[in-house]
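Novice: Before we start, here is the structure in question, set down as structure tokens.
Bear in mind these aren't lab numbers, they're just calculated from the coordinates by the rules spelled out. Since the model is a prediction, treat every value here as computed from it, not as a measurement. Positions of Cβ are backbone-derived with ideal geometry, glycine not excepted, and every protein chain shown enters the neighbour counts.
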């Protein structure tokens, strides 16, 4: 039996290639106090960092210094998306799965699995001093533990300035 491809013919259009010299590496650490499991949007803090950095063109890199939470770029228009994503993650890594690692509680090992799947780093292009996010995209820290935690996100802009 041969698998058939469902390739469709999409129209593709690309802008001209632009270049910029990398002149600066600017770094700050953002502390996020979570209230337990859920999404915490911090897009406005990323925008503020880019603005205060006087960034023009480059990339904003975000790195979370933890293994039981994660970072995501996700829809910020409908809170049901976040609720559904949390439900999907809970189904993927349920607390009652019989995990060996439970030193810090039953929610700890599922939190590690969720963080591994979702990831702890992001990068967002900065073009003309603005994050190149889509209309409905926001930057989130996802807390996978039930209890509140203090989390640290390293923000780093690499590029040139205005």
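Novice: Please compute the alpha carbon radius of gyration of the range 24-161, then divide it by the globular-protein estimate 2.2 N^0.38 Å. Two decimals is fine.
Specialist: Values: Rg = 15.8 Å, N = 138, 2.2 N^0.38 = 14.3 Å.
The range 24-161 yields a ratio of 1.11.
Novice: Right, something else. Based on other C-beta atoms within 10 Å, arrange 131, 12 from fewest to most. Provide the component values of the computation, followed by the final result.
Specialist: Working: 131 19, 12 5.
With the fewest neighbours first, 131, 12 line up as 12, 131.
Novice: Quick check: the angle from helix 108-118's long axis to the longest principal axis of the chain, C-alpha only, nearest 10 degrees?
Specialist: Relative to the chain, helix 108-118 is tipped by roughly 30 degrees.
Novice: Going by alpha carbons, how many degrees (0 to 90, nearest 10) lie between the helix axis of 43-52 and the longest principal axis of the chain?
Specialist: 30
Novice: Within the range 62-97, name every residue whose backbone N is under 17 Å away from a label modeled 7 Å from Cα of residue 116 along the Cβ vector.
Specialist: Within reach of a label on residue 116: 66-71, 89-97.
Novice: What spacing in nm lies between the two simple spin-label points modelled at residue 136 and residue 61, each 7 Å away from Cα in the Cβ direction?
Specialist: 3.1
Novice: Show log10 I(q)/I(0) for the range 69-141 at q = 0.14 Å⁻¹, two decimals, from a solvent-free Debye sum over equal Cα scatterers.
Specialist: Listed by q, the Debye log ratios stand at -0.55.
Novice: Using packing as a proxy for protection, rank 119-130, 61-72, 78-89, 137-148 so that the peptide with the highest average count of other Cβ atoms within 10 Å comes first.
Specialist: Working: 119-130: 14.9, 61-72: 18.7, 78-89: 13.3, 137-148: 20.6.
In descending order of packing, they fall as 137-148, 61-72, 119-130, 78-89.
Novice: Return the calculated 222 nm mean residue ellipticity for the chain, to the nearest 500 deg cm²/dmol, obtained by summing -39500 (n - 2.57) across DSSP H runs with n ≥ 4 and dividing by the residue count. Walk me through the numbers on the way to the answer.
Specialist: Values: 3 runs with 35 residues, N = 162.
Calculated at 222 nm, the ellipticity per residue is -6500 deg cm²/dmol.
Novice: Now a separate question. Calculated FRET efficiency, residue 77 and residue 106, Cβ-Cβ r, R0 41 Å, to nearest 0.05? Before the final figure, lay out the partial values.
Specialist: Working: r = 33 Å, r/R0 = 0.81.
The calculated FRET efficiency here is 0.80.
Novice: Applying 1/(1 + (r/R0)^6) with R0 = 30 Å to the Cβ-Cβ distance of residue 24 and residue 91, what FRET efficiency is obtained, to the nearest 0.05?
Specialist: Values: r = 43 Å, r/R0 = 1.44.
Rounded to the nearest 0.05, the efficiency is 0.10.
Novice: Could you tell me the distance between the Cα centroids of the range 1-67 and the range 124-152, to the nearest Å?
Specialist: 8
Novice: Can I ask one more? Take the Cα atoms of the range 23-63, find their three principal axes, and give me the spread along each one in whole Å, biggest first.
Specialist: Principal axes ranked by extent give 39, 15, 14 Å for the Cα atoms.
Novice: To the nearest µm²/s, what D does Stokes-Einstein give for the range 102-162 at 25 °C and 0.890 mPa s, using the Kirkwood radius over alpha carbon pairs as Rh? Spell out each step's value before the answer.
Specialist: Numbers: Rh = 14.4 Å.
Translational D for this selection: 170 µm²/s.
Novice: Right, next: Which angle from 0 to 90°, rounded to the nearest 10, does the C-alpha axis of helix 79-92 make with the longest principal axis of the chain?
Specialist: 50
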